[in-house]
Amino acid sequence: DKYYEDVNPSYGLLKKQLSIYYDIASGGGWRPIPKKKKSYKKGSSAPEITLVKKRLQMTDGYPAEDSSQVYNDTLQTALKKFQQHHGLTADGQINEATLRELNVPAEQRLQQLLINMDRMRWLPVQPNGDLIIVNIPAFKLHVKEGSQDVFDMDVVVGKGGHDTRIFTGNLNQVVFSPYWNVPKNIVTREILPAIEKDPGYLEKENMEIIGEEDGLPKIRQLPGEKNALGKVKFLFPNSFDIYFHDTPSKSLFKKDKRAFSHGCIRLSQPLKMARYLLRDQLEWDEERIVKAMNSGEEKYVRIKK
């Protein structure tokens, strides 16, 4: 295993968890926590709250000396952390979704760890330098400079049947006020049926036909407020035609499970990403970036690094 730990630090982190969960599973796991109320909030008192604390003591480092039946500040903080780690709304409430995650058997968690460690053996070696890492199932993007964390942001990824692929690439261009060249499969499945129902569909959606290919119209959406890519996109050439982009559908970032796209990755803070990528190009200050995002004229900018 030493080789895999050396080339992928996350493999080593999972290996540490594997030891913990193996011991727990070998010892019989944890008792299921019954649900007797719709939800439990801070200040509540109930026997099942003690069971929640004991469960968190086993895997999440909850203080062993606290086994009371009272839902206190310490439990609320621990629950918010647990919820965040499991893709739930971090509100600190002991609700149905939280209990469901707490009650997943230790043997099942152990199996998940083994499966993911095996998957990690197939991943490319993590490169050095500045990295943008998208954790697809967590709907999170992480920017790192070497081992230093710079910032994170929420993302939307591909929905079932349009899954975001796992690969690596080099991000090299920022495109302001982009056109959206609609992929053939979306033209066939979505755009053409919409035109049949409403002949004025293209005009309403600020789209135009710019030619024909393989018997299908080539359609693009003009820059503007309705553009599916928002006001900026970020390119890293790859065979899957996946890239980062802004979106007009901001409300989706409020959801816990954010798999809605056709495979591309939508950013919750595209301006922040543009500022970061162009930070060494002094002519591209925030004022100029915002102006380019709202100009309505497509502009490609190659990044230096």
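The values are calculated or read from the model by the stated rules, or taken from the named source; none is laboratory data. A quick note: this is a predicted structure, and the numbers were derived from the prediction, not measured. Counting neighbours? That spans all protein chains shown, and the Cβs are built from the backbone with ideal geometry, glycine included. Ligands, DNA and RNA are excluded from the accessible area calculation, which covers all protein heavy atoms including side chains. Shrake-Rupley method; radii C 1.70, N 1.55, O 1.52, S 1.80 Å.
Points worth noting:
- Leading residue by the ranking (nearest to TYR71 (Cα to Cα)) among those in region 20-60 that are in a loop (DSSP other than H, G, I, E, B) and of a type in the set (Ser, Thr, Tyr): SER44
- Region 149-162, subset over 16 Å from ASP246 (Cα atoms) and among the hydrophobic types (A, V, I, L, M, F, W, C), residue least open to solvent (accessible area, probe 1.4 Å): PHE151
- Exactly one residue out of ARG220, ARG165 is open to solvent by 70 Å² or more (accessible area, probe 1.4 Å) and in contact (Cβ under 8 Å) with a residue 40 or more places away in the chain: that is ARG165.
- Among the residues of this structure, GLY146 counts as one that is open to solvent by 30 Å² or more (accessible area, probe 1.4 Å) and of a type in the set (Gly, Ala, Ser).
- Top-ranked residue in region 199-213 [being in contact with a Lys or Arg (Cβ under 9 Å, 6 or more places away or on another chain) and closer than 19 Å to ASN227 by Cβ; ranked as surrounded by the most Cβ atoms within 10 Å (Cβ to Cβ)]: MET207
- Residue, surrounded by the most Cβ atoms within 10 Å (Cβ to Cβ), within region 281-305, restricted to residues that are in contact with a Lys or Arg (Cβ under 8 Å, 6 or more places away or on another chain) and within 22 Å of ASP130 (Cβ to Cβ): ILE289
- Count of residues meeting criterion [in contact with a helix residue (DSSP H, G or I) (Cβ under 9 Å, 6 or more places away or on another chain) and among the aromatic types (Phe, Trp, Tyr)] in region 239-268: 2
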